[in-house]
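Trainee: Questions regarding the structure given below will be posed in turn.
Since every read-out is calculated from the coordinates, none of them should be taken as a lab result. Remember, it's a predicted structure, so these values are computed and weren't measured experimentally. Every residue, glycine among them, receives a Cβ derived from its backbone with ideal geometry; neighbour counts consider all protein chains shown.
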Amino acid sequence: MIALLVLIRKYWIFTTLFTLTVITVLSLRPLASLPPVPGTDKAHHFIAYAALMFPTALRKPKYWQIITLSFIGWSGAIELIQPYVNRYGEFEDLAANVAGLGCGFLVVKIIEWLIPINSNPK
């Protein structure tokens, strides 16, 4: 577990950009109908953005607040673009995304409290 956390901290930029790319592609890909996956649309948004925040919160660079605000702005932009690609942009999705970001940060804080990790990764 600690090795995985250290790996995520080391490659946080790659992990974050990969996650952001996947979220963007899945959010803007035109669909005839939503795929049959377990859970609700809002739960999917929540989980995706919690996963997006996790590496940044784990590494916590000095400009992490700006990155977090950028995630919120990106999420809002996706919701505004979705109606133009045969999708639905919803304020509730944006709210689920922001809640997911907060939860991702909180999960990292709980993990750091339970499992001491080297505070200065290389």
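Trainee: Between A43 and I2, with labels modelled 7 Å along Cα→Cβ, what's the label distance in nm to one decimal, could you check?
Mentor: 3.4 nm
Trainee: Can I ask one more? What is the local net charge at T40, summed over the other residues whose Cβ is closer than 14 Å to its Cβ (Lys, Arg +1; Asp, Glu -1)?
Mentor: -3
Trainee: Follow-up. Using +1 at the Cβ of each Lys and Arg and -1 at the Cβ of each Asp and Glu in region 10-122, identify which of L26, I81, T15 lies farthest towards the dipole's positive end.
Mentor: T15
Trainee: Which residue, A43, A51, A32, tops the fluctuation ranking in a GNM of the chain built on C-alpha contacts under 10 Å?
Mentor: Comparing A43, A51, A32 in a Gaussian network model of the chain, the most mobile one is A32.
Trainee: Now, a different point. Would you look at the GNM of the chain, springs on alpha carbons closer than 10 Å, and say which of Y88, Y49, Y63 moves the most?
Mentor: Y63
Trainee: Same structure again: Ordered by packing density, taken as the mean number of other Cβ atoms within 10 Å over each peptide's residues, highest first, how do 54-60, 2-8 rank?
Mentor: 54-60, 2-8
Trainee: Continuing with the same structure: Report, in debye and to the nearest 20, how large the dipole of region 1-96 comes out about its Cα centre when Lys and Arg carry +1 and Asp and Glu carry -1 on their Cβ.
Mentor: 560 debye
Trainee: Still on this structure, I have one more. So which DSSP H runs in the chain come out at 18 Å plus along the axis (Cα) with average Kyte-Doolittle of at least 0.0?
Mentor: Passing helices, by number: 12-28, 41-59, 64-81, 91-114.
Trainee: If you don't mind, another one. Over the chain, what is the mean sequence separation of C-alpha contacts under 8 Å (at least six apart), divided by residue count, expressed as relative contact order in percent?
Mentor: Details: 117 pairs, mean separation 46.2, N = 122.
With pairs under 8 Å counted, the relative contact order is 38 percent.
Trainee: Further question: Less than 15 Å Cβ to Cβ from Y49, Lys/Arg counted +1 and Asp/Glu -1: what total charge do the surrounding residues give?
Mentor: Residues close to Y49 contribute a combined charge of -4.
Trainee: Here's another thing I want to ask about it. Would you list the P(r) distribution for the chain, with all Cα-Cα distances sorted into 5 Å bins from 0 and each bin expressed as a whole %?
Mentor: Taking every Cα pair in the chain, the percentages come to 2, 11, 20, 23, 17, 12, 8, 5, 2, 0.
Trainee: Sorting check: for 96-108, 16-28, which peptide has the highest mean count of neighbouring beta carbons within 10 Å, and how do the rest follow?
Mentor: 96-108, 16-28
Trainee: Work out the charge dipole of the chain with +1 on the Cβ of Lys and Arg and -1 on the Cβ of Asp and Glu about the Cα centre, then indicate which of L4, A50, P38 is farthest towards its positive end.
Mentor: Positive-end residue among those listed: L4.
Trainee: P(r) for region 1-48: what percent of alpha-carbon pairs falls in each 10 Å bin, starting at zero?
Mentor: 21, 39, 29, 11, 0
Trainee: With a sphere of radius 13 Å drawn around the Cβ of E92, what net charge do the other residues whose Cβ falls strictly inside it have (Lys, Arg +1; Asp, Glu -1)?
Mentor: Residues close to E92 contribute a combined charge of -3.
Trainee: Moving on. Going 7 Å from the Cα of I81 in the Cα-to-Cβ direction, what parts of region 1-44 have a backbone nitrogen less than 16 Å from that spot?
Mentor: Output list for this probe position: 17-31.
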